[in-house]
Amino acid sequence: MINEIKKDAETRMGKSIDSFKTDLAKIRTGRAHTSLLDSVMVPYYGSDVPLSQVANISVSDARTLTVAPWEKDMVAAIEKAIMSSDLGLNPSTVGTTMRVPLPALTEERRKDLIKVVRKEAESARVAVRNIRRDALGDLKSLLKEKEISEDDDRKAQEQIQKITDNKVSGIDDLLKVKEKELMEI
């Protein structure tokens with residue numbers, strides 16, 4: 001019973017961290033990486049699909065992404081989708097291949113992005129702490145129903161706190177890496 005609660009808490013905390021990593025990947029650092037275009041949706045035969053499902057995305061150099069559609073008639077739709085996204089990118093089309101140059105970030109924009117990253121990190125920490133609270137509540141109800149002893153409860157609480165501390169320190173490490181990446185010129 002206790003092990004199930006711990007496993008559930010750890011799994012849910014891991015999902016919170018994965019979500020945080022996804023949010024970090026969407027924040028542009030001035031360096032090209034293919035996950036930058038993950039949020040771009042392209043109209044394809046009546047439904048919106050992720051760009052990665054209709055084109056090959058690759059990094060051609062540190063500040064340029066290359067998008068090669070699998071169908072020639074998708075070029076205009078992809079170009080329009082990239083331009084209308086909130087990423088502030090302007091692709092240039094050469095035949096069926098698009099080059100997406102990433103403009104350099106200003107210092108002011110970098111500081112704004114760091115604020116956003118810190119806010120995302122705090123949201124992830126709060127999510128992890130909420131999961132801890134849920135797990136401790138489950139333990140408390142088991143103790144109330146006399147399904148576990150007080151010693152088992154105390155041990156389980158300490159273990160859940162260790163898991164929480166580990167996950168929060170992981171979030172902090174990811175935050176430091178992203179802040180350093182944002183401040184690089």
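Mind listing the long-range amide H neighbours of residue 44? Cut-off is under 5 Å, sequence gap 5 or more, other chains count too, H placed in the peptide plane at 1.01 Å from N.
Excluding prolines and chain starts, which carry no amide H, the hits are 49.
Quick one: if you take sqrt(5λ) for each eigenvalue of the C-alpha gyration tensor of the stretch 57-185, what semi-axes come out, biggest first, whole angstrom?
Details: eigenvalues 458, 74, 28 Å².
In descending order the semi-axes read 48, 19, 12 Å.
For the chain, what is the mean residue ellipticity at 222 nm derived from helices alone (per DSSP H run of n ≥ 4: -39500 (n - 2.57); sum divided by total residues; nearest 500 deg cm²/dmol)?
Numbers: 4 runs with 107 residues, N = 185.
Taken over the chain, the calculation gives -20500 deg cm²/dmol.
Expressed as a rounded percentage, what relative contact order does the stretch 103-185 have, with Cα pairs under 8 Å and six or more residues apart? Can you show the working numbers first?
Numbers: 33 pairs, mean separation 38.7, N = 83.
Worked out over the stretch 103-185, it gives 47 percent.
I'd like the Karplus ³J(HN,Hα) series for the stretch 56-70: coefficients 6.51, -1.76, 1.60, θ = phi - 60°, whole numbers in Hz, and an x wherever there's a Gly or Pro.
Ordered by residue, 3J(HN,Hα) equals 8, 10, 9, 9, 8, 8, 4, 10, 9, 9, 10, 10, 10, x, 7 Hz.
Among 135, 56, 114, flag the residue with its Cα farthest along the positive direction of the charge dipole of the chain, charges on Cβ as +1 for Lys/Arg and -1 for Asp/Glu.
So the residue we want is 114.
Averaging over every viewing direction, what projected area does the convex hull of the Cα atoms of the stretch 34-101 cover, in nm²? Each step should come with its number before you reach the end.
Details: hull surface 16.2 nm².
For the Cα atoms of the stretch 34-101, the hull's average projected area reads 4.0 nm².
Identify the trypsin sites (Lys or Arg not before Pro) of the stretch 11-78 meeting these criteria: DSSP loop state and at most 15 other C-beta atoms within 10 Å of the C-beta. Kindly include the intermediate steps, with their values, before the conclusion.
Values: sites: 12, 15, 21, 26, 28, 31, 63, 72; in loops: 28, 31, 63.
Taking the stretch 11-78 and a limit of 15 other Cβ atoms within 10 Å, the loop trypsin sites (Lys or Arg not before Pro) found are 31, 63.
Rounded to whole Å and sorted largest first, what semi-axes of the equivalent ellipsoid does the C-alpha gyration tensor of the stretch 1-128 yield via the square root of 5 times each eigenvalue? Mind showing how you got there, number by number?
Numbers: eigenvalues 217, 82, 26 Å².
Ellipsoid semi-axes (Å, largest first): 33, 20, 11.
Which whole-Hz ³J(HN,Hα) couplings does the stretch 72-77 yield from phi under the Karplus relation 6.51 cos²θ - 1.76 cosθ + 1.60, θ = phi - 60°, glycine and proline marked x?
Each residue's phi maps through the Karplus curve to give 4, 6, 8, 4, 5, 5 Hz.
In debye, nearest 20: dipole of the chain around its Cα centre with unit charges on the Cβ of K, R (+) and D, E (-)? If you can, show how the numbers build up before the last one.
Values: 32 positive and 32 negative charges, 89 e Å.
The calculated dipole for the chain is roughly 420 debye.
State, as an integer percentage, the relative contact order of the chain based on alpha-carbon contacts under 8 Å between residues 6 or more apart. Don't jump to the answer; show the numbers that get you there.
Details: 211 pairs, mean separation 46.2, N = 185.
Rounded, it is 25 percent for the chain.
Choose one answer from 175, 139, 102: the residue with the largest mean-square fluctuation in a GNM of the chain with alpha-carbon springs under 10 Å.
139
Mean separation of Cα pairs under 8 Å and 6+ residues apart, divided by the residue count of the stretch 34-101: what relative contact order is that in percent? All intermediate terms of the calculation are to be shown ahead of the outcome.
Values: 101 pairs, mean separation 18.5, N = 68.
Across the stretch 34-101, relative contact order equals 27 percent.
Could you pull out every residue, at least 5 positions away or on a different chain, whose amide H is within less than 5 Å of the one on residue 60? Hs are placed 1.01 Å off N in the peptide plane, and Pro or chain starts have none.
The list, which skips near neighbours in sequence, is 65, 66.
Read-outs: derived from the displayed coordinates by stated rules, not from any lab. Predicted, not measured: the structure shown is a model, and the values here were computed from it. Virtual Cβ from ideal backbone geometry, glycine too; neighbours counted across all protein chains shown.
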